[in-house]
Amino acid sequence: MKYLPLIWKNIWRKKARAIFTLLSIVMAFALFGLLSAVRAAFSGGVELTGADRLVMVHKVSLIQPLPFSYMGRIRATPGVEAVAHATWFGGYYQKPENFFGQFPVDPENYLSMFPEILLPEDQKRAWLKDREGAVVGRRTAEQLGFKIGDRVPISGSPWRRKDGKEAWEFNVVGIYDGAEKGTDTTAFMFRYDYFDEARARGKGLVGWYTIRVDDPDRAAEIAQAIDANFQNSPAETKTSTEKAFAQGWANQIGNIGAIVEAISAAVFFIILLVAANTMAQSVRERVNEIAVLKTLGFGPFKVLGLVLGEAFFLALVGGVLGLMLAQVLVGGVGKVLERFLPIFYLPSEAVTTGLVIAALVGAIAGIVPGIQSMRLPIAAALRRG
Amino acid sequence: MANEPVVRVRDVYKAFRRGAEVVEVLMGLNLEIPRGEFLALMGPSGSGKSTLLNLIGGLDRPTRGAIEVGGQRIDRLSDADLSAWRARHVGFVFQMYNLLPVLTAERNVELPLLLTKLPRSERKRRVRIALSLVGLSDRLKHYPRQLSGGQEQRVGIARAIVTDPTLLLCDEPTGDLDRKSGDEVLALLTSLNRDHGKTIIMVTHDPHAAERASRVLHFDKGVLQLDSAA
Amino acid sequence: MLRAVNQIAQISLLNLRNLPARAGSSLVAVIGIAGVVAILVAVLSIAAGFRETIASTGAADRAVVLRQGSTSEMVSFVGGDSARLIKNAPGVRFVDGTALASAELFVIVDLPKLPAGTPANVPLRGVEPAAFAIRKELKMVEGRPFRTGTRELIAGKSAALSFAGLEVGSTLRLAGNDWQVVGIFETGGTLTESELWCDARVLQPTYRRGNSFQAIYVQLESEAALAKYRWTLDNDPRLDVAVERESDYYAGQSQVLTDLITSLGLVIGIIMGAGAAFGALNTMYTAVSSRTREIATLRAVGFQRLPIVVSVMVEAVVLGLVGGAIGAAAAWWMFDGFRTSTMNWQSFSQVAFAFRVTPDLLVLAVAYALVLGLIGGILPAIKAARLPVATALREL
């Protein structure tokens, strides 16, 4: 708009003040972005769960295994489209600090259950051919330097080998990527048939099942029907939607959401004070100029608009720069925290929310000085010179 | 048409509250200003001359009475309408110049034009004309702090005339200038009045400045005293 | 020297008198610094509280024995025969002919977390009778210990506060069986207070664990006996175990979460600090520019540069300290002792703990605020010193 040069020039009337205020705002929004990423990380990817998938664990305790034989009965339940299983292997590579999830699975049905796992066709074929083959996510592969063709030993698993060897060895035949920004690419998957055959105890058992239903709206119903199947068996089951399962997990981690919100709120309150103070000062020292603008014919609402425009501009520029900085930080911090938080990214809702907050900060910071300017009596203000 | 007074002040009272007191500055003032006149208002401090200027320019409202400019009762306009009226019909020149320090000379002069619907190119054209009229075409991109007092005042005059207003109101325009710069400014005002037919009302302390006017009115305690033709 | 101090004092008094005019921006700086300090302390107090709970859990004169290579109890596995050997090896303290050793296992059960009632994983630990003697810090605060051979259990104080259904006398339905809650115990705020305890011999068949355990806890003859004990077990070909001093074991267990929270806290602290520093700079710049006339006059009159610089720094530091003190006090008042619980990733079960605002943290808070004040003061101070006197006076 044509008033932009005037607004811009007024922001920079005191260069140092403008820079410091702007930088404070930038920092506040950078922090906001970072905290949003933390919150997304702790909510365990609840947003990324499949609407049409269920998770079945042992009813008594989620660390109890389930019989592999259940698979047929699950598959036969009306409403069930597909079934896959996985088990927690619990080992590490070389040192316990090299922590990532390893899972024995059935390649075909696991990959078709989780289309967000992107594995090239040829690598999948190689996996199907090699009993000791393993497919690893890109994140872990990059972190630990795994390449296709490597023979990788995994030790420390509670699952001991029948032949007494300490470590389980696998051939890396594939590296997978995630379809979404937040998809977990830290998992190391190998073949269940090899696992079941070579392990000393627990044959015929799996950790949990993932089930795809044909109608997501009836998910809860179908889950109950599945559990009814196993009601009086030695291993009773508890089936819930993937989302509910992830949410439950997230709830256990604690009210991270509330803590993050509380910190963000406190930070924005502070930044609001800073911005409001700057605007108030800026307007206070311009009383004479505002009066001049009014003599020139700038009506009360135009004057209000100029002040608000200045506040908005400051807040929005700060907000945008801050969110951009957040993106950079999330990338950097993500690398550092990789071991703890495999999923670490800046969610797009956070960006939208951030911009809305920036607009609000601008509005609130500018409103009081704006109204004061609006009501300024011209003659008296001019006299003050 | 040309005989209709451009300004008509009828029975105007203006009182101010200073603390607990009420001070009456103008008491029942009557005045008519014909088009094309160069009027000087003189008198001691506090006599009400600046107050009258503000009232005629719509910067303040009379406590009682009517003010008519160009046939319009400006004392009856709302704040918003008054602002719009002012933008179109009045140009102010101040003792302290009152330029915006953050803007260049060019942009300072452009300010009143931002309130119109003129496109950018047209605005720039008029600004250049105004600045050349006051003899500052070479100082377009200078900031006020880079100009001398006399130059600042001339930018102020350019800003005041850029919308081609009905009235030019000047409050002690030479008050802060040395003799030479003051004379330049006065010459400019005289030229605007004589050659371009602008109606000018000037408040001043300086008899030397008042000499340039076609009519001089003296104020004392809110009342007009003499009516001496120049 | 004395003259300089004198000058500084005089200028500072002048500053104070001038303060009301700058009250707005000074207040903003103080609130900003206070807020930032409070948040930093709050976040770090989470880590401190968590660490304190876990670190205090292990004793130096006790040992934990897990299967070789296991990173935690949860993935460990020790067979009944091995357990016997481990419990009776040299280095273990004996009392009346019985070894102070307890072979233990645990399962994860689902209980509703208070107040929302969302399901949470809670550890149910099966212990042997010696466990009570080993964990001397354990005291019953309500009810009585469970009787061996029965489906009775006792709950730790933290667990009872954090999860529903753990009142003395209530019944829990787990794995299709009814368990009676017969007592509540406390251990002085350690991790154990987040657990439920029962008889190992009852737990095993209920959860089909056969004759296996997950860990053996032993009371050593002395702290130094660990070496002997470990040597014996390491060199027994029948065993495949790792021996760790209990205090080390627990310290390691909390590492992941503590590191995570501390790292996050520091990152947050740095970003906030930058923001607050800019806010402080803003205030101080305003302070200096609003006093240009004064400073120029002082210099013209004969005051030296240095006292002026120092006075600006002093003001900034005072702002920082006031903000820091308020922030630290607020954090201590609001957060110290605040109870919460979260998941310990290494055992997949809940750990209840309290935020702990330690004296260390308070000192850190004040130091942090001081640094912010210093940063806020230095540039403006330099600006004040470099003010060209003549120009400044002329402008006015």
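The values are calculated or read from the model by the stated rules, or taken from the named source; none is laboratory data. Keep in mind it's a predicted model, so treat the numbers as computed, not measured. Note that we place each Cβ from the backbone using ideal geometry, even for glycine, and neighbour counts take in every protein chain shown. Just the protein is used for accessible areas: all its heavy atoms, side chains included, with ligands, DNA and RNA removed. Shrake-Rupley method; radii C 1.70, N 1.55, O 1.52, S 1.80 Å.
Counting the residues of the range A:70-91 that are more than 25 Å from A:D177 (Cβ to Cβ) and assigned to a loop (DSSP other than H, G, I, E, B) gives 3. Hey, does the range C:17-34 have a residue that's open to solvent by less than 60 Å² (accessible area, probe 1.4 Å), at pLDDT 85 or above, of a type in the set (D, E, K, R) and not in a loop (DSSP other than H, G, I, E, B)? No, every residue in the range C:17-34 fails to be open to solvent by less than 60 Å² (accessible area, probe 1.4 Å), at pLDDT 85 or above, of a type in the set (D, E, K, R) and not in a loop (DSSP other than H, G, I, E, B). Filtering the range C:236-247 for residues that are within 12 Å of chain A (Cβ to nearest Cβ), assigned to a helix (DSSP H, G or I) and closer than 16 Å to C:A83 by Cβ leaves an empty set. Residues that are β-branched (V, I, T) number at least 3 in the following helices (runs of 4 or more DSSP H) confined to the range B:117-214: B:149-161. Just to be sure before I move on: is C:L226 buried (at least 18 other Cβ atoms within 10 Å of the Cβ) and within 29 Å of the chain's Cα centre (by Cα) in the structure I sent? So C:L226 passes the test.
Please state which one of C:L319, C:L306, C:L298, C:L281 is away from chain A (no Cβ under 11 Å), crowded, with 24+ Cβ neighbours inside 10 Å and at negative phi.
Matching residue, one of C:L319, C:L306, C:L298, C:L281: C:L319.
Applying the criterion of being in a helix (DSSP H, G or I) and within 10 Å of chain B (Cβ to nearest Cβ) to the residues of the range A:295-312, the residue that is nearest to A:T21 (Cα to Cα) is A:V303.
Going by the conditions given, is C:T286 open to solvent by 20 Å² or more (accessible area, probe 1.4 Å), in contact with a helix residue (DSSP H, G or I) (Cβ under 9 Å, 6 or more places away or on another chain) and either within 13 Å of chain A (Cβ to nearest Cβ) or in a helix (DSSP H, G or I) (or both)?
Here the answer is yes, as C:T286 does meet what is asked.
For B:L26, state whether it is modelled with pLDDT under 90, part of a strand (DSSP E or B) and surrounded by 18 or more Cβ atoms within 10 Å (Cβ to Cβ).
Values: modelled with pLDDT under 90: yes; part of a strand (DSSP E or B): yes; surrounded by 18 or more Cβ atoms within 10 Å (Cβ to Cβ): yes.
Yes.
Within the range C:204-212, does at least one residue satisfy the condition of being assigned to a strand (DSSP E or B), open to solvent by less than 20 Å² (accessible area, probe 1.4 Å) and touching a residue at least 24 places away in the same chain (Cβ under 8 Å)? Yes, the range C:204-212 contains a residue that is assigned to a strand (DSSP E or B), open to solvent by less than 20 Å² (accessible area, probe 1.4 Å) and touching a residue at least 24 places away in the same chain (Cβ under 8 Å).
Flag: A:V317 does not match the condition of being among the hydrophobic types (A, V, I, L, M, F, W, C), crowded, with 24+ Cβ neighbours inside 10 Å and assigned to a helix (DSSP H, G or I). When the residues of the range B:83-93 are filtered to those that are buried (at least 20 other Cβ atoms within 10 Å of the Cβ) and among the aliphatic types (A, V, I, L, M), the one that is nearest to the other protein chains (Cβ to nearest Cβ) is B:A87. Taking only pairs six or more apart or across chains, which ones have beta-carbon atoms under 7 Å, a first residue in the range A:236-257 that is facing chain C (nearest Cβ under 8 Å), and a second residue that is modelled with pLDDT of 85 or more? Hits for this filter: A:E236/A:F230. Restrict the check to the range B:71-82 and report whether at least one residue is over 26 Å from B:R212 (Cβ atoms), in contact with a helix residue (DSSP H, G or I) (Cβ under 8 Å, 6 or more places away or on another chain), among the β-branched types (V, I, T) and surrounded by 13 or more Cβ atoms within 10 Å (Cβ to Cβ). The answer is yes, given that some residue of the range B:71-82 is over 26 Å from B:R212 (Cβ atoms), in contact with a helix residue (DSSP H, G or I) (Cβ under 8 Å, 6 or more places away or on another chain), among the β-branched types (V, I, T) and surrounded by 13 or more Cβ atoms within 10 Å (Cβ to Cβ). Counted as qualifying within the range C:75-184 are the strands (runs of 3 or more DSSP E) with 1 or more residues that are in contact with a strand residue (DSSP E or B) (Cβ under 7 Å, 6 or more places away or on another chain) and within 14 Å of C:E195 (Cα to Cα), namely C:101-113, C:118-127, C:139-143, C:152-156.
Can you find a residue that is free of Cβ contacts under 8 Å to residues at least 40 places away in the same chain and surrounded by fewer than 20 Cβ atoms within 10 Å (Cβ to Cβ) anywhere in the range A:172-195? Even if it seems obvious, please write down each step before you answer.
Taking the range A:172-195 first, the residues free of Cβ contacts under 8 Å to residues at least 40 places away in the same chain are A:172.
Retained after the next criterion (residues that are surrounded by fewer than 20 Cβ atoms within 10 Å (Cβ to Cβ)): none.
No, that holds for no residue.
Would you confirm whether or not the range A:144-151 contains a residue that is open to solvent by 20 Å² or more (accessible area, probe 1.4 Å) and free of Cβ contacts under 8 Å to residues at least 12 places away in the same chain?
Narrowing the range A:144-151 to residues open to solvent by 20 Å² or more (accessible area, probe 1.4 Å): A:144-145, A:147-151.
Then drop every residue that is not free of Cβ contacts under 8 Å to residues at least 12 places away in the same chain, which leaves A:145.
Yes, the range A:144-151 contains at least one residue that is open to solvent by 20 Å² or more (accessible area, probe 1.4 Å) and free of Cβ contacts under 8 Å to residues at least 12 places away in the same chain.
Inspect all residues belonging to the range B:199-211 and state whether any of them is under 12 Å from B:F38 (Cβ atoms), aliphatic (A, V, I, L, M), open to solvent by less than 40 Å² (accessible area, probe 1.4 Å) and at pLDDT below 90. Spell out how you get there, then give the answer.
Let us first name the residues in the range B:199-211 that are under 12 Å from B:F38 (Cβ atoms), namely B:199-202, B:204, B:209-211.
Okay, now just the ones that are also aliphatic (A, V, I, L, M), so B:200-202, B:209-210.
Remaining after also requiring open to solvent by less than 40 Å² (accessible area, probe 1.4 Å): B:200-202, B:209-210.
If we keep only those that are at pLDDT below 90 too, we end up with B:209-210.
Yes.
If B:L103 meets every condition in (1) open to solvent by less than 10 Å² (accessible area, probe 1.4 Å); (2) away from every other protein chain (no Cβ under 14 Å) apart from one, which number is that one? So B:L103 meets the others, but not (2). The residue that is nearest to C:G337 (Cα to Cα), counting only those in the range C:54-84 that are open to solvent by less than 10 Å² (accessible area, probe 1.4 Å) and more than 14 Å from chain A (Cβ to nearest Cβ), is C:I54. Scanning the range A:261-290 for residues that are over 38 Å from the mean Cα position of the chain (by Cα) and more than 8 Å from every other protein chain (Cβ to nearest Cβ) gives A:S282, A:V283, A:R284, A:E285, A:R286, A:V287, A:I290. Screening B:S45 on (1) farther than 17 Å from B:C170 by Cα; (2) open to solvent by 60 Å² or more (accessible area, probe 1.4 Å) shows it passes everything except condition (1).
For the range A:88-97, taking the residues that are open to solvent by 30 Å² or more (accessible area, probe 1.4 Å) and of a type outside the set (S, T, Y), the one that is nearest to A:W127 (Cα to Cα) is identified as A:W88.
Residues checked against (1) touching a residue at least 40 places away in the same chain (Cβ under 8 Å); (2) within 14 Å of chain A (Cβ to nearest Cβ):
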{"position": "C:L100", "(1), (2)": "yes, no"}
{"position": "C:G117", "(1), (2)": "yes, yes"}
{"position": "C:A120", "(1), (2)": "yes, yes"}
{"position": "C:K136", "(1), (2)": "no, no"}
{"position": "C:R144", "(1), (2)": "no, no"}
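B:I67 meets all of the listed conditions (1) of a type in the set (A, V, I, L, M); (2) surrounded by 18 or more Cβ atoms within 10 Å (Cβ to Cβ); (3) outside any strand (DSSP E or B) but one, namely (3).
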